[in-house]
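Q: Before I ask anything, let me first share the structure, which is written out below as structure tokens.
The values are calculated or read from the model by the stated rules, or taken from the named source; none is laboratory data. Treat the numbers as computed from the prediction; the structure is a model and nothing was measured. In this analysis, Cβ positions are derived from the backbone assuming ideal geometry, glycine residues included, and neighbour counts consider all displayed protein chains. These area figures cover heavy atoms from the full protein model, side chains too; ligands, DNA and RNA do not enter into them. Shrake-Rupley method; radii C 1.70, N 1.55, O 1.52, S 1.80 Å.
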Amino acid sequence: MGLRDELAGRFRAQLAGKIIRAVGGSLLTVGLARLLDPDGYGLLFLALSVVTVFQLVTIGIGRSAGRYIAEYREQDRSQLRYIVRDSSLILVAVMLVAVLVLTGSATQIASLFDEPALRPFLLVGSLFVVLWMAITFLEKVLQGFEAIRFVAVMGSVGRLSRVALALGLVAAGFGALGALWGYVVSALLTTALGTAYLLRQLRQYDTDGSGPEPGLRRRIFEYAVPTTATNMSRYLDHQVDTLLVGYFLSPVAVSFYVIAEQVVNFLETPLSALGFTLSPTFGAQKAAGNVEQMSRIYEDALLNGLLLYVPAGVGLVLVARPTVTLVFGAEYSGAVPVLQVLGLYVILKAITKVSDNGLDYLGRARERAVARVITALLNVGLTVALIQPFGVTGAALATLITHGLYTATNVYISAQEFQLRAGFLLRRAGKIVGVSLVMAAVVFALSGYISGWLTLALVVGAGVLVWAVLSVTTGLLEPRQVVAVVT
């Protein structure tokens with residue numbers, strides 16, 4: 001089996017897992033929105049935003065371990081057990097510190113937001129964040145082993161169990177706090193599953209008796225620093241927006257912002273799967289000296305991502321209002337302008353989902369971290385400045401502007417690693433924009449007729465049909481590829 005066929009198999013497995021997770025996440029989002037009032041819904045996700053910050057450093061450790069696992073699988077497999085052991089020790093130390101700080105500061109954090117009801121959510125959230133640290137670490141380590149298929153299974157089990165437990169506890173009358181307990185139990189099950197698989201994976205790799213390579217633990221820790229900075233800045237880009245909305249506005253405004261973000265996260269599913277699948281392969285191919293091959297794979301992934309997400313982002317702007325009111329209810333209509341702004345943000349994500357994680361495996365984590373930190377800090381400043389005159393929509397505008405800068409930096413760094421054909425990429429991108437504009441004109445002309453689920457589906461279907469026909473006639477897709485995408 002060739003590399004492309006193997007990658008295609010891994011991508012299909014990861015995509016299936018991501019779709020299950022996305023569908024589960026969507027069911028959870030809609031179910032909680034229907035079962036809880038906007039205030040309870042916003043309070044739950046405000047608490048999740050707070051506790052997420054304590055999980056960030058472990059993502060950096062997992063990414064660092066995954067990077068060295070991918071590299072040493074090509075160079076010296078006897079070191080793999082030591083990489084997992086040393087990174088796990090670092091993880092446990094960080095987890096202990098995080099949970100102590102979170103539980104000790106729960107009262108002060110609740111007072112900061114002037115929400116006394118937030119405190120029990122933070123205490124329960126401390127259990128969730130420890131387990132989620134373990135899950136994210138396991139995912140990144142297993143990604144380094146290129147165990148893409150199992151990661152898809154693990155994620156699917158975690159998300160589906162979360163939906164069943166969280167919605168079940170809310171329906172049983174335990175409210176928003178019950179939903180958070182559902183998150184905790186689901187995370188415990190997922191952690192146990194991932195740990196068992198990793199231990200079985202490690203049994204395939206024996207040590208040679210010489211012990212760990214000198215300085216290995218130090219290198220893992222040092223490479224975790226820029227990846228941690230990157231993930232902390234990603235938090236500033238996403239979760240801090242939610243915190244600032246909660247601080248300056250209200251939990252109800254938080255619910256509007258979270259609703260829009262959940263829709264965008266659902267749309268990102270295919271590119272998230274592709275980026276997760278390709279990232280360790282870029283590192284392995286670079287170590288093997290196959291720059292030309294990995295460059296063509298990157299180009300194909302980037303163009304296919306744009307072909308899907310440019311029209312998807314534009315279409316989302318046009319049908320945001322009926323989508324929100326039909327799916328979540330009229331009481332969440334305040335999320336409409338936020339979703340329209342984030343619809344354009346989807347287009348930028350089509351580029352970064354393919355590029356940014358791969359840079360970690362190519363040894364460019366430091367440069368990416370610097371770009372991420374700068375744009376994240378700028379995002380915080382812009383959010384504070386724009387949230388006063390524009391409300392919750394201002395937070396979305398700040399995210400769109402700063403992520404545009406980060407995307408441009410990603411493309412610049414990627415161009416230094418890959419042998420890209422600039423003229424070819426620009427010509428194809430121009431065709432994609434043209435197809436998207438024609439599709440948008442059709443959807444806009446029909447959008448006034450949307451009055452319910454059926455008419456919304458018909459308008460979206462008409463847009464997809466126009467996109468498919470134009471993509472084939474302009475040579476962007478072959479007919480068999482359209483069938484594969486649509487089905």
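Q: What are the pairs with Cβ atoms under 9 angstrom where one residue, in region 92-111, is farther than 14 Å from residue 129 by Cα and the other, located anywhere, is part of a helix (DSSP H, G or I) and at pLDDT below 85? Sequence gap at least six, or different chains.
A: 109/50
Q: Please report, ordered by residue number, the helices (runs of 4 or more DSSP H) entirely within region 56-115 with at least 2 residues that are surrounded by 21 or more Cβ atoms within 10 Å (Cβ to Cβ) and in contact with a helix residue (DSSP H, G or I) (Cβ under 8 Å, 6 or more places away or on another chain).
A: In region 56-115, 56-75, 80-104 are the helices (runs of 4 or more DSSP H) which contain 2 or more residues that are surrounded by 21 or more Cβ atoms within 10 Å (Cβ to Cβ) and in contact with a helix residue (DSSP H, G or I) (Cβ under 8 Å, 6 or more places away or on another chain).
Q: On to the next question. Scan region 368-427 residue by residue and report those that are of a type outside the set (Val, Ile, Thr), closer than 13 Å to residue 240 by Cβ and open to solvent by 10 Å² or more (accessible area, probe 1.4 Å).
A: Across region 368-427, the qualifying residues are 377, 378, 381, 382.
Q: Checking the condition surrounded by fewer than 19 Cβ atoms within 10 Å (Cβ to Cβ) and at pLDDT 60 or above, which residue from 46, 32, 27 passes?
A: 27
Q: Continuing with this model, one more query. Out of the residues in region 109-154 that are of a type in the set (Gly, Ala, Ser) and farther than 16 Å from residue 70 by Cβ, state the one that is modelled with the lowest pLDDT.
A: 152
Q: On the basis of being on the phi < 0 side of the Ramachandran plot and open to solvent by less than 10 Å² (accessible area, probe 1.4 Å), does residue 168 make the cut?
A: no
Q: Select from region 245-270 the residues that are open to solvent by 20 Å² or more (accessible area, probe 1.4 Å) and outside any helix (DSSP H, G or I) and write down the one among them that is modelled with the highest pLDDT.
A: Among them, the one singled out is 249.
Q: Return yes or no: is residue 118 of a type outside the set (Val, Ile, Thr) and farther than 28 Å from residue 86 by Cβ?
A: Yes; evaluated as a whole, the condition is true for this residue.
Q: Please verify whether residue 157 is among the β-branched types (Val, Ile, Thr), touching a Leu at 6+ places or on another chain (Cβ under 7 Å) and open to solvent by 50 Å² or more (accessible area, probe 1.4 Å), treating the condition exactly as stated.
A: Yes, satisfied.
Q: Of everything in region 177-190 that's open to solvent by less than 20 Å² (accessible area, probe 1.4 Å) and touching a residue at least 40 places away in the same chain (Cβ under 8 Å), which residue is farthest from residue 138 (Cα to Cα)?
A: Looking at residues that are open to solvent by less than 20 Å² (accessible area, probe 1.4 Å) and touching a residue at least 40 places away in the same chain (Cβ under 8 Å), I get 179.
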